[in-house]
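Some notes on the structure that comes next.
The values are calculated or read from the model by the stated rules, or taken from the named source; none is laboratory data. If you're wondering where the values come from, they're calculated on a predicted model, not measured in any experiment. Glycine gets a Cβ as well: all are built from the backbone with ideal geometry, and neighbour counts include every protein chain shown. The area values use the complete protein model at the heavy-atom level, side chains included, leaving out ligands, DNA and RNA. Shrake-Rupley method; radii C 1.70, N 1.55, O 1.52, S 1.80 Å.
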Amino acid sequence: MTLGRTWDSSRNAPGATESLVAQNAMAPQHLTIAKGTTVTFTNPPDNKSAHGAVAFFEAEFDTGLLMPGQSYTHTFDTVGEFFYNDPIAPQSTGKIVVQ
């Protein structure tokens, strides 16, 4: 999961530049995974700002603030839908579906 970046569908990859204003600056914004999958949240080293990801209906995960170049991993052991946002740019949201 790339923080602070929108999805570039032409490259099928996270965008090349940081966004502090987009509502979809989590790449990919929607992710479906199997129970037991470990997801790595990464703030790319060429971002200029700290970013993070915090689940906001359930307390499933909280990356804390990640400075550029830092990452955080979380294993999803609970089936469900987990909505989250970036505490630095709270309008940026994402969803992880665990099946």
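Out of the residues in the stretch 25-38 that are hydrophobic (A, V, I, L, M, F, W, C) and surrounded by fewer than 18 Cβ atoms within 10 Å (Cβ to Cβ), state the one that is nearest to the chain's Cα centre (by Cα).
Out of the qualifying residues, it is Leu31.
Please determine, by comparing only the residues of the stretch 39-77 that are open to solvent by 40 Å² or more (accessible area, probe 1.4 Å) and of a type in the set (S, T, N, Q), which one is nearest to Asp8 (Cα to Cα).
Here the residue is Thr42.
Residues of the stretch 40-97 being in contact with a Pro (Cβ under 6 Å, 6 or more places away or on another chain) and of a type in the set (Val, Ile, Thr), which ones?
Hit for the stretch 40-97 is Val54, nothing else.
If I go through the stretch 78-99 residue by residue, how many of them are under 19 Å from Gly36 (Cα atoms) and either modelled with pLDDT under 95 or surrounded by fewer than 19 Cβ atoms within 10 Å (Cβ to Cβ) (or both)?
So the count comes out to 8.
Give me the pairs, please: first residue somewhere in the stretch 14-36 and closer than 22 Å to Asp46 by Cβ and assigned to a loop (DSSP other than H, G, I, E, B), second residue anywhere and among the β-branched types (Val, Ile, Thr) and open to solvent by 20 Å² or more (accessible area, probe 1.4 Å), beta-carbon distance under 6 Å, and either six or more positions apart or on two chains.
Here the result reads Gly15/Thr6; Ser19/Thr6; Ala22/Thr6; Asn24/Thr6; Ala25/Thr6, each pair linking the stretch 14-36 to a residue that is among the β-branched types (Val, Ile, Thr) and open to solvent by 20 Å² or more (accessible area, probe 1.4 Å).
Using the structure shown, decide if Val39 is modelled with pLDDT of 95 or more and either touching an Asp or Glu at 6+ places or on another chain (Cβ under 7 Å) or not charged (D, E, K, R) (or both).
Yes.
Six or more apart or on different chains, Cβ under 8 Å: which pairs go from a residue in the stretch 83-97 that's at negative phi to one that's among the small types (Gly, Ala, Ser) and in a strand (DSSP E or B)? Could you list them?
Taking only residues 6 or more apart or on different chains, the pairs are Phe83/Ala55; Phe83/Gly94; Tyr84/Ala55; Tyr84/Gly94; Asn85/Gly94; Val97/Gly80.
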